[in-house]
Amino acid sequence: MEDTFFPFNQNLLSSLNEPILFVDHSGTLLAGTNAAYKLIGCNKENVLANLNDYFDFEKLQAAVNRTCILPLKRTHATFLEAKCVFLKEDTYGIVLKPLEIPGGGTFHIKDTVNESEGLLILAGDQILDCNESFATIFQYSRTQLKSIRLGELLQLNKGTIDAEWWKGTESGILAGKKRNGSPVYIQVLDYSSYHGKEDARIFLIKNVTDQVKNEKRIEYMAYYDELTDLPNRNFFMKILDEAINKSKKLGEEQLAVYFLDIDYFKEINETLGYSFGDKLLKAISDKLKFFLGPDTFIARIGGDEFLLLQNGIKAKENTVKLAEDLIVEFESPVKIGEHDIYTSISIGISVYPNNGKSPEALLTHAQSAMHVIKEKHRNNYKMFETSISENFKSMLTMESDLRKALQKEQFELHYQPQKNLLTGGIVGMEALLRWNHPEKGYIPPLDFISLAERTGLIIEIGDWVMYEACRQNKLLQGKGYDPVIVSVNLSAKQFHQKNLVTKIKNTLKETGLDPKYLELEITESMAMTNEHYILNTLQQLRDLGVLVSIDDFGTGYSSLRYLSVFPVTKLKIDKTFMDASQKQNKAIVKSIIHMSHSLNMKVIAEGVETHEQIEFLMEENCDEMQGYYFSKPLPPAKLVQLLTAG
């Protein structure tokens, strides 16, 4: 054969041991190895040779990239395992393997295929023979398999093989069981009639067990939560979409989506550890599984949040009843090791079609309702209302505006002066954040601080406040005004930053402010949680030279032991105790002042608005005060005027 038929060198091909042929689209031989010519019984000098004269090339051509079983036409006792690959310009490459099956009623298959593929000769449901690879797939010997019906091996419903059983399911996969009972999955790659026995066929089988297991694992990961074995968000949305479509067809049925959040789960995690938290989530999922039924579907979407779908609702009372039952279920403790954990849940509910007609809308509205009840009450449920959605949209708008406020320098600091009651001089000033919105004007801190906390923006905002307060205080000192202390409030998120002390140290260095002129205010509730961490952080701040005061004192759950250990320099009496109409308030203020002095702390009263309050505080030897009686919070320019006048 001349080399012009194909760009490969025939001498090179002849040196290969594998049976390989190259043909055109009509089956005309272009080139090949000596092993291939010998296998099919073709003279390589026969330039016009066509594969169709030797085996069914059209079948092979129609199954490009798939393995086929082909009987050689010159002898029906010889079969080929062949694979055809399209190359280019109507050229195909064919890889051959011999499958010699002698006739005479004796069935024997040589092991010429790889371990994941097996050969099987079958007559109806009877296994006539197989190779070792097929026997290994099912963990039987070849002799044992000859006494087993294929229907038993593949666990088919009928004792006999139905027509075209080898096609399997839609995916082409057939399920069976190994000798030890474990599952095995096979796929019939190809088959061919066998001449040695009537109705007999030879099958090429591929072991796809690993492939199926991997697919099942991927499917599990896509649709299930690994920790709790509950369906995940993807699966829930799929089921919810199907339920909506079904409800549309029925016309009258409603369905409800419940968004469940575990109350105080974060605190449990931080106190007892994340491993304990995982155990708690598993136990909670078991509680929820109790509510599984033909009309309910439960999923975990991450963290401490779960979803529940209730189908076939006839009245609102059905929806409320399930929510109430869920809350009651969580009144009993969850036992984990030696701990009896009492948890509660906050539930938001949305109903189809009243609260949404798509899975996304129903989920979003249920979540919004859950956030509302969690912020106000916890251990309760809330049905979605349109007003919730409007408030949520308003919150999203404000969050976007907050981010712009940082970028476009819309924040300002106002300062409320703090006065020494003994000397009458200004000794400090509390830095208070103000947001000057370009369209809405000044927005009260109460309207955006909690949002900043939830979104985490409070960290960036807090960093800006800290830097600006130190910078402006140093600027006042540079202009010759008597040095005063600037007080800056720290949020819980700020205070629990691992790099808080480093941040403050860098801020003082950059602004040049002496640490003794910076006072950090933390709330009483913050000071009384995670004692070891708080004590360590406070000590580092005091070592830095920064002052620390406890704000809103008297409103939380203080302990004298904490106060005696913490390196706190000042207590701030909450303004609620300055209300003289409540007789017990004076006694509380007296106690706080005397206790502070006994612990070598200063005490400052906030919210002072009357002369009578001043006289009372002076009589009780209160150190400092702030409030409208002396001055409201002032922008820097007006603060300078006050300092100048003083």
Might you let me know whether region 42-51 holds any residue that is touching a residue at least 24 places away in the same chain (Cβ under 8 Å), under 18 Å from Leu204 (Cβ atoms) and either open to solvent by less than 70 Å² (accessible area, probe 1.4 Å) or in contact with an Asp or Glu (Cβ under 9 Å, 6 or more places away or on another chain) (or both)?
-> no
Residue pairs within 6 Å by beta carbon, gap of at least six or interchain, first lying in region 16-38 and more than 18 Å from Glu58 (Cα to Cα), second open to solvent by 10 Å² or more (accessible area, probe 1.4 Å) and of a type in the set (Ser, Thr, Tyr), listed first then second, are Asn34/Ser14
In this structure, does Ile109 turn out to be open to solvent by less than 10 Å² (accessible area, probe 1.4 Å), under 30 Å from Leu30 (Cβ atoms) and at pLDDT below 85?
-> no
Within region 598-627, tally of residues that are open to solvent by 70 Å² or more (accessible area, probe 1.4 Å) and within 17 Å of Leu547 (Cβ to Cβ) = 2
Counting just the residues of region 215-231 that are acidic (Asp, Glu) and outside any helix (DSSP H, G or I), which one comes out nearest to Phe306 (Cα to Cα)?
-> Asp225
Answer with yes or no whether Thr386 is of a type in the set (Ser, Thr, Tyr), over 30 Å from Leu617 (Cα atoms) and either touching a helix residue (DSSP H, G or I) at 6+ places or on another chain (Cβ under 6 Å) or open to solvent by 90 Å² or more (accessible area, probe 1.4 Å) (or both).
-> yes
Filtered residue count, region 401-421, keeping only those that are touching a residue at least 60 places away in the same chain (Cβ under 8 Å), under 18 Å from Gly462 (Cβ atoms) and surrounded by fewer than 20 Cβ atoms within 10 Å (Cβ to Cβ) | 2
Failed item in (1) of a type outside the set (S, T, N, Q); (2) surrounded by 15 or more Cβ atoms within 10 Å (Cβ to Cβ); (3) closer than 17 Å to Phe384 by Cβ, with Val320 passing the rest | (2)
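Only one of Gly462, Gly441, Gly512, Gly424 is on the phi > 0 side of the Ramachandran plot, open to solvent by less than 50 Å² (accessible area, probe 1.4 Å), within 41 Å of the chain's Cα centre (by Cα) and of a type outside the set (Ser, Thr, Tyr); which?
Gly441
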Considering each residue of region 365-409, count those that are within 27 Å of Glu317 (Cβ to Cβ) and at pLDDT 80 or above, and give that number.
-> 18
Restricted to region 522-540 and to residues being in contact with a strand residue (DSSP E or B) (Cβ under 6 Å, 6 or more places away or on another chain) and outside any strand (DSSP E or B), the residue modelled with the lowest pLDDT is Ala527
Report the residue count in region 37-92 for those that are polar (S, T, N, Q) and more than 20 Å from Ser193 (Cβ to Cβ).
-> 5
Restricting attention to region 475-499, which residues are in contact (Cβ under 8 Å) with a residue 40 or more places away in the chain, surrounded by 18 or more Cβ atoms within 10 Å (Cβ to Cβ) and in a helix (DSSP H, G or I)?
-> Leu476, Phe495
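The values are calculated or read from the model by the stated rules, or taken from the named source; none is laboratory data. Given the structure is predicted, the values throughout are model-derived calculations rather than measurements. When we count neighbours, we look across all protein chains shown, and the Cβ atoms used for this are built from the backbone with ideal geometry, even at glycine. Areas reflect the complete protein model, heavy atoms only, side chains present, ligands, DNA and RNA absent. Shrake-Rupley method; radii C 1.70, N 1.55, O 1.52, S 1.80 Å.
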